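All remarks here apply to the structure that follows.
The values are calculated or read from the model by the stated rules, or taken from the named source; none is laboratory data. In this text, all values refer to a predicted model and were calculated from it rather than measured experimentally. FYI the Cβ positions are ideal-geometry reconstructions off the backbone, even for glycines, and counts take in every protein chain you see.
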Amino acid sequence: MTEPKPVLSEDARPDNVSETTDSFDPAASSLAGQVDRSVMDELLSIRSSIDNIDATLVFLLAERFKATQKVGVLKATHKLPAGDPGREAAQISRLRRLAEEAHLDPAFAEKFLNFIISEVIRHHEAIAEDHQASRD
């Protein structure tokens, strides 16, 4: 089995972040030795693609949270509320439509986005508290 190809170029990754960690074994499976080798090879090939997609998701989420941190600072500076229910509802509706187009369960997409939104709001509240504390 060959090592998965990097998802992002070396310059696109944050400093000192590698594609895989030393403790990650892409061939790890409780099925090893229990299934035909050709089936295992195909399974590992598909899993390699999944591993690359997962890595991409992590880096995309990191970029998303960098942007939302900037929003949090802007909101704190101007004493705006951490949450924006109108924006959140529009985003959920938009992502449900995109999920349907992508043949992804819209309920799953909504749960995923709600989790992200709750984390963003939590971060915005912390930024607002820090901002207020620094002004006192």
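What the table shows:
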read-out: Residue ID - nearest to the chain's Cα centre (by Cα), chosen from residues in region 4-48 that are at pLDDT 60 or above and β-branched (V, I, T); value: I46
read-out: Qualifying position, being assigned to a helix (DSSP H, G or I), within 15 Å of the chain's Cα centre (by Cα), among the aliphatic types (A, V, I, L, M) and exposed (fewer than 12 other Cβ atoms within 10 Å of the Cβ), among A107, A90, A67; value: A67
read-out: Every residue from region 123-136 that is part of a helix (DSSP H, G or I), of a type outside the set (G, A, S) and exposed (fewer than 11 other Cβ atoms within 10 Å of the Cβ); value: R135
read-out: Matching residues, region 63-82, being farther than 12 Å from E125 by Cα and of a type in the set (G, A, S); value: A67
read-out: Options K70, K75, K66; residue that is among the basic types (K, R) and either within 30 Å of P26 (Cβ to Cβ) or touching a residue at least 60 places away in the same chain (Cβ under 8 Å) (or both); value: K66
read-out: Every pair of residues 6+ apart whose Cβ atoms lie under 6 Å, when the first sits in region 80-98 and is among the acidic types (D, E) while the second is surrounded by 12 or more Cβ atoms within 10 Å (Cβ to Cβ); value: E88/I117
read-out: Any chance E100 is assigned to a helix (DSSP H, G or I), surrounded by 16 or more Cβ atoms within 10 Å (Cβ to Cβ) and among the acidic types (D, E); value: no
